[in-house]
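Let me begin by presenting the structure, written as structure tokens, before commenting on it.
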Amino acid sequence: MKTNALTYSLKVWLTSVAIAPIAYLVAEFGFKEHFYSGAAACLNQMLYTYPVLILVGGIFSLLTWLLFFLTVAVILTFYLPDKQIKYVIAIFGVIFTVATFWLLFSEGLQPNSEFFPYMIANCVCIAGGALFYDLKKDVVQDTGR
């Protein structure tokens with residue numbers, strides 16, 4: 001039996017590593033626009049912060065990706081992919097993401113924390129990616145030979 005658990009989980013993880021910082025930075029600009037002297041200053045700060053968030057987010061979420069990959073592989077071993085399975089996988093991805101933030105930044109789970117919006121952005125991207133990308137399992141038929 002062949003699955004795309006590795007490529008699927010990598011796509012979901014890499015998408016969240018790339019897009020969550022953008023969602024976070026856009027939200028931060030919307031809520032803290034008055035902290036910047038102008039749009040150019042805000043854009044400069046975003047351009048500086050984005051690669052840092054990608055690097056740090058990618059490194060800190062490696063364990064999350066590994067757990068996510070193993071979970072997808074185990075689920076595909078026992079079930080054929082369908083819409084409900086993708087929802088279960090999305091929930092596991094969100095749980096693993098929240099757990100990572102909780103382990104690294106225990107105050108990150110509090111809504112007034114600096115890390116809370118970034119955690120939410122990552123959770124949305126993980127769940128969205130899990131539902132968006134194709135999940136496949138090729139079942140090899142036994143020909144009886």
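The values are calculated or read from the model by the stated rules, or taken from the named source; none is laboratory data. Predicted model, so just to flag it, every value in this text is computed and none were measured. No Cβ is skipped: glycine too gets one built from the backbone with ideal geometry, and neighbour counts run over all protein chains shown. Protein only, heavy atoms only, side chains kept; ligands, DNA and RNA dropped before computing areas. Shrake-Rupley method; radii C 1.70, N 1.55, O 1.52, S 1.80 Å.
Odds and ends about this structure:
- Pairs linking a residue in the range 111-137 that is at pLDDT below 95 to a residue that is small (G, A, S) and not in a helix (DSSP H, G or I), with Cβ atoms under 9 Å and 6 or more positions apart or on different chains, are M119/S113.
- Candidates L47, L10 - the one that is within 20 Å of D134 (Cα to Cα) and part of a helix (DSSP H, G or I): L10
- In this structure, K11 qualifies as under 28 Å from K137 (Cα atoms) and crowded, with 16+ Cβ neighbours inside 10 Å.
- Qualifying residue in the range 71-85 (condition: open to solvent by less than 80 Å² (accessible area, probe 1.4 Å), in a helix (DSSP H, G or I), of a type in the set (A, V, I, L, M) and within 14 Å of C125 (Cα to Cα)): no
- Filter result for A27 (open to solvent by less than 30 Å² (accessible area, probe 1.4 Å), touching a residue at least 12 places away in the same chain (Cβ under 8 Å) and of a type in the set (A, V, I, L, M)): no
- Selection status of F68, part of a helix (DSSP H, G or I), open to solvent by less than 40 Å² (accessible area, probe 1.4 Å) and either in contact with a strand residue (DSSP E or B) (Cβ under 7 Å, 6 or more places away or on another chain) or modelled with pLDDT of 85 or more (or both): yes
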